[in-house]
Amino acid sequence: MIQIPTGILVALLLAGCATISDSKRQQSFDETTLLYEKAVRWGDFVAASQFQQLEGEPQDRPLPQAGIKITSYRQLGKRVLPDNNMIAVTVQIDYYHKDTLKVITLTDNQLWKYTPDENSWRITTPLPAFR
């Protein structure tokens, strides 16, 4: 019979648990950012602002003006920061104002932070400035 030292067995079990935890955290991130994307795409900036936890900025920052229509929301890149609790996302958004109908493209650099107390992801950057 092969005997596996207890220390090695415990280390393997803990590594497996960390992988499961990271996988669930990533799945939670994907689900959260999809909901955020849907809120922005539909122009529901009140709902999108519910995902925010702004750091160093007033929480009552004005929402984008009415009359903005989003035509495209594309994730260009995603980078997990070393502590695995923050993810930087670059998004490209195409939109137009109802009164001008000119399509404008902006790049939104988002920073998402995992909050273990709430077991959720929050965006720490404000909604983009639709000009």
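Of all residues in the range 97-123, exactly one satisfies the criterion of being surrounded by 14 or more Cβ atoms within 10 Å (Cβ to Cβ) and in contact with a Gly (Cβ under 9 Å, 6 or more places away or on another chain), namely His97.
Output yes when any residue across the range 47-69 is modelled with pLDDT of 90 or more, in contact with a Leu (Cβ under 8 Å, 6 or more places away or on another chain), in a helix (DSSP H, G or I) and surrounded by 13 or more Cβ atoms within 10 Å (Cβ to Cβ), and no when none is. Looking through the range 47-69, at least one residue is modelled with pLDDT of 90 or more, in contact with a Leu (Cβ under 8 Å, 6 or more places away or on another chain), in a helix (DSSP H, G or I) and surrounded by 13 or more Cβ atoms within 10 Å (Cβ to Cβ). For the range 108-131, taking the residues that are polar (S, T, N, Q) and within 19 Å of Gly43 (Cβ to Cβ), the one that is modelled with the highest pLDDT is identified as Gln110.
The values are calculated or read from the model by the stated rules, or taken from the named source; none is laboratory data. Keep in mind the model is a prediction, meaning the values are calculated, not measured. Don't worry about glycine lacking a Cβ; one is built from the backbone with ideal geometry, like all the others, and counts go over all protein chains shown.
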